[in-house]
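Participant: Take a look at the following structure, please.
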Amino acid sequence: MEGAYQLFKPEDVITARMIRLQQTLGYTLGEILALNEEYRAGEHSSERTVEILQLQIGRLQQRKDALEAALTFLHRKVEWVKAGKTGPAPRLEDNQL
C-alpha cells in the first residue's frame, strides 16, 4: 500500500524507544525481553533496579576502556606513520588496559 501509515499507540512508541536505548547500552534482545517481562510482572524492586544498573555500569566501563585503548593505539599509529614509520610499529595489545 503506497502512502499508507501505521499508527502506534503512545505506549508502543515508548516501548520501542526503551528497547533502542537498552540496545545502545549493550543489552541483548533476550536480556531486554527478560527485563521487560520482569518489570511487567511487578517483580522490579528498587534493589533489583540498582543491581541491573550497576551491572550495566560495569559493562559500559569495560566498553569505554576498550575504546580508550583503541583510540590510544590509533593516535600512536598516526604519529608513527607521520614520523616516517621509524622504529617498531605500535601494537594494539600494547594499549590494553
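Participant: Being surrounded by 12 or more Cβ atoms within 10 Å (Cβ to Cβ), in contact (Cβ under 8 Å) with a residue 12 or more places away in the chain and hydrophobic (A, V, I, L, M, F, W, C) is the requirement here; does Leu33 meet it?
Facilitator: On the way: surrounded by 12 or more Cβ atoms within 10 Å (Cβ to Cβ): yes; in contact (Cβ under 8 Å) with a residue 12 or more places away in the chain: no; hydrophobic (A, V, I, L, M, F, W, C): yes.
Considered against the rule, which asks whether it is surrounded by 12 or more Cβ atoms within 10 Å (Cβ to Cβ), in contact (Cβ under 8 Å) with a residue 12 or more places away in the chain and hydrophobic (A, V, I, L, M, F, W, C), Leu33 comes out as no.
Participant: So Pro88 ticks every box in (1) modelled with pLDDT of 90 or more; (2) loosely packed, with under 10 Cβ neighbours inside 10 Å; (3) part of a helix (DSSP H, G or I) but one. Which box is left unticked?
Facilitator: Only one criterion is unmet by Pro88, namely (3).
Participant: If you check Leu21, Leu7, which single one turns out to be exposed (fewer than 11 other Cβ atoms within 10 Å of the Cβ) and either more than 18 Å from the chain's Cα centre (by Cα) or under 22 Å from Gly58 (Cβ atoms) (or both)?
Facilitator: Values: Leu21 fails: exposed (fewer than 11 other Cβ atoms within 10 Å of the Cβ).
When all the criteria are applied, what remains is Leu7.
Participant: Another question, if that's okay. Residue by residue through the stretch 36-48, note down the ones that are surrounded by 12 or more Cβ atoms within 10 Å (Cβ to Cβ) and part of a helix (DSSP H, G or I). Quick ask: steps written out before the conclusion?
Facilitator: As a first pass, look at the stretch 36-48 and keep what is surrounded by 12 or more Cβ atoms within 10 Å (Cβ to Cβ): 36, 38-39, 44, 48.
Asn36, Glu38, Tyr39, Arg48 - these are the residues of the stretch 36-48 that are surrounded by 12 or more Cβ atoms within 10 Å (Cβ to Cβ) and part of a helix (DSSP H, G or I).
Participant: Another question, if that's okay. Taking the condition outside any helix (DSSP H, G or I) and surrounded by 12 or more Cβ atoms within 10 Å (Cβ to Cβ), does His75 pass?
Facilitator: In short, no.
The values are calculated or read from the model by the stated rules, or taken from the named source; none is laboratory data. Owing to the predicted nature of the structure, the values given are computational and were not obtained by experimental measurement. No Cβ is skipped: glycine too gets one built from the backbone with ideal geometry, and neighbour counts run over all protein chains shown.
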